[in-house]
Amino acid sequence: MTLTEKILARASGKGHVRAGDNVWVKADILMTHDVCGPGTIGVFKREFGPQAKVWDAGRVVIMPDHYIFTADSKSNRNVDILREFVREQQIRYFYDVIDDPVGHWVFDPSKGMLQRQYGSRYAGVCHTALPQKGHTRPGEILFGTDSHTCMAGAFNEFATGIGNTDAGFVMGTGRLLLKVPETMHFRLEGKLQPGVMAKDVILHIIGEIGFDGATYRAMQFDGPGVSQLSMDDRMTIANMAIEAGGKNGIFEFDAQTKAYVDHRCKLNGTLAEYDPVERDRDEQFVYELVVDMSRLEPVVACHPDPGQRKSAKDLGALRLDRAYIGSCTGGKTSDFLDFARIVRGRKVVIDTFGVPATPEIVHELQSTYWDGQTVWAILVEAGVKLTENAGCAACLGGPVDTFGRMNTPLKCISTTNRNFPGRMGHKESQVFLASPMTVAASAITGRVTDPREFL
Ligand code: SF4
């Protein structure tokens, strides 16, 4: 069996499953956020009754993160609905925006967009915060009401996005009926060259198979190249499995996975036991691709979908209006550090927005010093509009007052993961997906630029 099949077999209590089987699996974690949480709660209450209790209050994780730093009252109200539900159900893991358990969330635009407006428990973008808070464990099943839930496959688990109806059912029963996906095999070899990043690996792969090339399939990433990739790198790659239509993305377990997970579970007091899955000799794949990472170069996924791959150096004539660094995929500490290596001592020439994915990343950037200056200060000095209000921000467009949102038909190069029309705001705006280094180099020149020009 493949890694995915092994996890699904275990979670369904079977000795063996194969692609195409329909199996009832037990959930280890159900995650939801402010956009889908209220709808999921509505389905749960409608189907299980107003007095029903969630199947396990220690396994439902609620992370408001999407439409948070906006004066839009309906968006603010969504966070209040989550808080009321958490109180009623005694849910253990709720990463609220405010500290008052009976308060109301109101964003105050008069304080500006840059200064922190959240309390001490707020965790930021769910997919980045889940591992940071010790909720991703090898061998487990993670369901989330968000398509990029697949990011947790970096930790050798089966993680997939589900809709509100399925999530309402999981909330009540802890189980879900799944069709076992076929598995596509991506064997990673070699080592990335300077200026080439994990984002280039996944954009390369999606360019090969197309934005629907993995529809309802598992994408398994393994091979000797994986040891060269940090956990952040693996998260970037697994995150974008869905951009090829994948049901999930999954990496092999190794010493790096163990070190990360053990540290995070201990730090947060979450469940420390887990059982990773290892590769079998008899894996059956529907597709195989060997990626020699040492031969890759910086690429860009052009408007209007993540499969429109072109080499960054061939796009030098493409003028840009805006650059954006942020999101679960591209707003991690390592992403900002690589971005800062390029812009340090230089100035951006187009509007450039920076949104760290989580408050922990804000803290790391504000406490990492290079020659006596924080990385945060280096970015600000280069002209980046950097906010402490960690969250999804303009990655998903959001209400019109969202930080970094494109309210006019601009061209933006972005470290985010999705670029279908209207994704970051105005329906005629265009989004070009690239690595943090490519976005940084392009912000400096105002046109798509291969970051190796600055190394
Ligand atoms: S940062 Fe973007 S891709 Fe990630 S969860 Fe938020 S909206 Fe979705």
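The values are calculated or read from the model by the stated rules, or taken from the named source; none is laboratory data. What you see is a predicted model, and the numbers here were worked out from it, not measured in a lab. In this analysis, Cβ positions are derived from the backbone assuming ideal geometry, glycine residues included, and neighbour counts consider all displayed protein chains. In case anyone asks, the SASA skips ligands and DNA or RNA and just uses the protein heavy atoms, side chains included. Shrake-Rupley method; radii C 1.70, N 1.55, O 1.52, S 1.80 Å.
Could you please report the charge total around residue 209, scoring K, R as +1 and D, E as -1 over all other residues with beta-carbon less than 11 angstrom from its beta-carbon?
Computed value for this residue: -1.
Quick one: if the Förster radius is 41 Å, what FRET efficiency do residue 279 and residue 420 give, using the C-beta to C-beta distance and rounding to 0.05?
Efficiency, rounded to the nearest 0.05: 0.75.
From the phi of every residue in region 37-50, what ³J(HN,Hα) in whole Hz does the Karplus formula 6.51 cos²θ - 1.76 cosθ + 1.60 yield, where θ is phi - 60° and glycine or proline is x?
x, x, x, 5, 4, x, 5, 4, 5, 5, 7, 10, x, x
Around residue 435, under 9 Å between beta carbons, what's the net of Lys plus Arg minus Asp minus Glu among the other residues?
-2
If I model a spin label at residue 51 and residue 287 as a point 7 Å from the Cα along the Cα→Cβ vector, what separation in nanometres do I get?
According to this spin-label approximation, the distance is 5.1 nm.
On the accessible surface of region 143-204, probed at 1.4 Å, how many percent belong to carbon and sulfur atoms?
The C+S portion of the solvent-accessible surface of region 143-204 is 48 percent.
Over the chain, with a single point scatterer placed on each C-alpha, what log10 of the ratio I(q)/I(0) does the Debye formula yield at q = 0.08, 0.10, 0.13, 0.14 1/Å?
Normalising to I(0) and taking log10 leaves -0.42, -0.67, -1.17, -1.36.
Measuring with a 1.4 Å probe in the full set of protein chains, what accessible area per residue, in whole Å², belongs to the chain?
That works out to 37 Å² per residue.
As a test of reading the structure, rank 107, 48 by solvent-accessible area (1.4 Å probe, protein chains only), most first.
48, 107
For a protection proxy built on the mean count of beta-carbon atoms within 10 angstrom, sort 67-78, 108-119 highest first, please.
Highest to lowest by the protection proxy: 67-78, 108-119.
Please report, in Å, the Rg and the Dmax of region 51-166, where both are computed over Cα atoms only.
Over region 51-166's Cα set, Rg and Dmax evaluate to 14.9, 46 Å.
Hey, got the Cα dimensions of region 129-254 along the principal axes, in Å, largest first?
Between the extreme Cα coordinates on each principal axis of region 129-254 lie 48, 31, 20 Å.
Suppose the Debye formula is applied to equal point scatterers at every Cα of region 294-393; what is log10 I(q)/I(0) at q = 0.10, 0.16, 0.20 Å⁻¹?
Relative scattering, expressed as log10 I(q)/I(0), comes to -0.30, -0.76, -1.08.
Name the shape class, rounded, prolate or oblate, that the alpha-carbon gyration tensor gives for region 119-200, where a ≥ b ≥ c are the square roots of its eigenvalues, rounded holds for a/c under 1.5, and otherwise prolate holds if a/b is larger than b/c and oblate otherwise.
oblate
Compute the distance in nm between two label points, each set 7 Å from the Cα along the Cα-to-Cβ direction, one at residue 71 and one at residue 165.
Taking the simple label geometry, residue 71 and residue 165 are separated by 3.9 nm.
7 Å from Cα along Cα→Cβ at both residue 258 and residue 81: what's the point-to-point distance in nm?
With each label point 7 Å from Cα toward Cβ, the separation is 4.4 nm.
Collect residues whose amide H, placed 1.01 Å from N in the peptide plane, falls under 5 Å from the amide H of residue 61; neighbours closer than 5 in sequence don't count.
Correct list: 30, 31, 32.
Distance from a point 7 Å along Cα→Cβ of residue 215 to each backbone N in region 11-42: keep the residues under 18 Å and list them by number.
Zone members listed by number: 20.
So what are the ³J(HN,Hα) numbers for region 340-348, from phi and the Karplus equation (6.51, -1.76, 1.60; θ = phi - 60°), rounded to whole Hz, Gly and Pro as x?
After applying 6.51 cos²θ - 1.76 cosθ + 1.60, I find 5, 4, 7, 7, 4, x, 10, 10, 6 Hz.
Report the FRET efficiency, 1/(1 + (r/R0)^6), for residue 21 and residue 272, where r is their Cβ-Cβ distance and R0 is 35 Å, rounded to 0.05.
In this case the efficiency is close to 0.65.
222 nm [θ] for the chain, helices only, -39500 (n - 2.57) per DSSP H run of 4+, per residue, to 500?
-8500 deg cm²/dmol
How big is the gap, in Å, between the Cα center of region 328-375 and the Cα center of region 245-306?
Centre-to-centre (Cα) distance: 25 Å.
Can you tell me which aspartates and glutamates have their Cα less than 17 Å from the Cα of residue 111? Leave out same-chain residues fewer than eight positions away.
Correct list for residue 111: 72, 388, 401.
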